[in-house]
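Data block below; observations after.
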Amino acid sequence: MSRFTIPLAALLGAVLGAGAMLWGSGHFAPAGDQARIEQVVHDYLLAHPEVLPDAMDALRDKQHAKTIADNHAAILEPFGSAWAGSAHPDLTIVEYYDYNCGYCRASLPAIAQLLASDPKLRIVFREFPVLADSSASAARMSLAAAEQGKFKPFHDSLYAGGPVTDQSIAAAAKIAGVDTVKAAAFAPKADAEIAANMGIARQLGLTGTPSWVIGNHVVSSALPLEDLQNLVAKARAKG
């Protein structure tokens, strides 16, 4: 079954159910004529299929809102210094990323421009190492750097260092001034954080990297600057 089948079935059920309730209340026709209201809804959706994507997005956002609320700290509160932007934001968004992800690397300029253009925004970076063994190694060192308050210099140095290898991870840690002895001892806590991120990613239905949590909207895709700004504006408008 497609991951879209259940939301679509729920959406159609909600539409039909709402229509039947209105029908039964006597607003449109005598009660009990559910077949007729179903036909009306069916015909409307066939004539206006463009409403379905927006309705499904709204349904998914509603479902995601509960997951985000139930896991607020684990999603929106940064691990150590793994964040950028405002220290006192009016909105926090989240990127789930993998250091081996080319799309995550390609998103760096858009992230920098977004933060430069929006002084009240914060981005929280969450490790989501799904592509390779070296992704997990990089994530562990990144979390150790974040725990030591050195996330940004490590993050920037690793991305600047080319392909992710044990050597490039060690070089980035050295440039950032990460205490690698403490990092090694910190590995079990880093693994626990990665496991927690993976569990929440499953609940959110993340399908790859980068993935974004912006308000109650969740999307797994690289996003250009304009799309990020639009989603940020919508999240602020919704409060």
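Every number here is computed from the coordinates shown, using simple stated rules; none is lab data. Computed from a predicted model, the values in this text were never measured in an experiment. As a convention, Cβ positions derive from the backbone with ideal geometry for all residues, glycine included, and neighbour counts pool all protein chains shown.
Find out how many positive minus negative residues lie around residue 85, taking Lys and Arg as positive, Asp and Glu as negative, among other residues whose Cβ is under 13 Å from that of residue 85.
Values: positive: 120, 122, 152; negative: 90, 95, 118.
Net charge around residue 85: 0.
How large is log10 of I(q)/I(0) for the range 57-130 at q = 0.13, 0.27 Å⁻¹ when the intensity is taken from the Debye formula with one equal scatterer per alpha-carbon?
-0.44, -1.23
Where a ≥ b ≥ c are the square roots of the eigenvalues of the C-alpha gyration tensor, would you call the range 73-238 rounded, which needs a/c under 1.5, or, failing that, prolate if a/b is larger than b/c, or oblate? Kindly include the intermediate steps, with their values, before the conclusion.
Values: a/c = 1.64, a/b = 1.53, b/c = 1.07.
It comes out prolate by the Cα gyration axes.
If N is the number of residues in the range 151-226, what value comes out of its Cα radius of gyration divided by 2.2 N^0.38 Å?
Working: Rg = 15.3 Å, N = 76, 2.2 N^0.38 = 11.4 Å.
Its radius of gyration relative to the 2.2 N^0.38 Å reference: 1.34.
Output wanted: per-residue J couplings in Hz (rounded whole) for the range 144-152, from phi through Karplus 6.51 cos²θ - 1.76 cosθ + 1.60, θ = phi - 60°, x for Gly and Pro.
5, 4, 5, 5, 8, x, 10, 4, 4
Counting Lys and Arg as +1 and Asp and Glu as -1, what is the net charge of the other residues whose Cβ lies under 12 Å from the Cβ of residue 107?
Summing Lys/Arg as +1 and Asp/Glu as -1 gives -2.
Do any of 152/189; 66/152; 120/152 go past 27 Å between their Cα atoms, and which? It would help to have the intermediate numbers written out before the result.
Values: 152/189 20 Å; 66/152 31 Å; 120/152 19 Å.
Listed pairs above 27 Å: 66/152.
With 10 angstrom as the radius, rank 217, 155 by how many other C-beta atoms surround their C-beta, starting from the fewest. If you can, show how the numbers build up before the last one.
On the way: 217 19, 155 23.
Sorted ascending by nearby Cβ count, the order is 217, 155.
Taking neighbour counts of Cβ atoms within 10 Å as a proxy for exposure, in what order, fewest first, do 154, 186 appear?
Working: 154 28, 186 20.
Final ranking by Cβ density, sparse to dense: 186, 154.
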